[in-house]
Amino acid sequence: MAIVAALWFGCYGGVAASVEGSSRSAAELMDAVMWNREPIGGAFELIDHTGKTRSDRDFRGRLLLVYFGFTFCPDICPTDLQAIGLAMDQLGADAAQVQPLFVTLDPERDTAEHLAQYVPMFHPKLIGLTGGAAAIHRAAEAYRVYYKRVDFEKSTADYTVDHSAFIYLMGRDGNYLGFFPPGTSAEQIVGMIKPHLDAGPKK
């Protein structure tokens, strides 16, 4: 079971978790997403990588690919963000209907300035979002995201963030449509998006 659970989470590398992060267990939140037991998604107000305040309302009329992670993540995050970028390329002109969002779970290090250097590596349309710890917590709770700061044994000044790694597909009205598990290919992402491309006018 531990091996299976590890496949659904990313970037664990420490030994002692602090109290920062989710107020609910990883298993509970993963269960809520995988079996659609609770509403997924909701309002947020964060700062994008250009320093502009952005809310969920700014993206109405477009499909959203929402991913929570952090820039110091060594493996899962860059792999999934690369898949999102490739999916956007494969959508061609239809990519205009889709907005990918990367929400950091590490606002202490992932400032707007740092995100501005990071997100263009994956796709020019990718928007990085950060904010205060409370605002990040509210967004993560709305999407049933598990995350926890984990300090490395030899230095509390260095840490990683243990987190769930789902890619959420949200509708033009902000309602939840489904999720992709970590490691989903660009082709699979495109395949799930395509049935929704004709659901409304192109933006």
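Each residue in the stretch 50-69 was checked for being touching a residue at least 40 places away in the same chain (Cβ under 8 Å) and hydroxyl-bearing (Ser, Thr, Tyr), and 2 pass.
Yes or no, residue by residue, for (1) under 17 Å from the mean Cα position of the chain (by Cα); (2) surrounded by fewer than 19 Cβ atoms within 10 Å (Cβ to Cβ); (3) modelled with pLDDT under 95:
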site	(1), (2), (3)
Ala16	no, yes, yes
Val19	no, yes, yes
Ala32	yes, yes, yes
Val66	yes, no, no
Gly69	yes, no, no
Asp80	yes, no, no
Leu86	yes, yes, no
Asp106	yes, no, no
His114	yes, yes, no
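Scanning the stretch 35-53 for residues that are within 18 Å of Ala133 (Cβ to Cβ), surrounded by fewer than 19 Cβ atoms within 10 Å (Cβ to Cβ) and in contact with a strand residue (DSSP E or B) (Cβ under 9 Å, 6 or more places away or on another chain) turns up Ala43, Glu45, Thr53.
Scanning the stretch 116-145 for residues being charged (D, E, K, R), surrounded by fewer than 23 Cβ atoms within 10 Å (Cβ to Cβ) and closer than 19 Å to Gly41 by Cβ gives a total of 2.
Scanning the stretch 88-104 for residues that are surrounded by fewer than 20 Cβ atoms within 10 Å (Cβ to Cβ) and at negative phi yields Asp89, Gln90, Leu91, Ala93, Asp94, Ala95, Ala96.
The values are calculated or read from the model by the stated rules, or taken from the named source; none is laboratory data. Predicted model only: the values in this text are computed from it and were never measured. Counting neighbours? That spans all protein chains shown, and the Cβs are built from the backbone with ideal geometry, glycine included.
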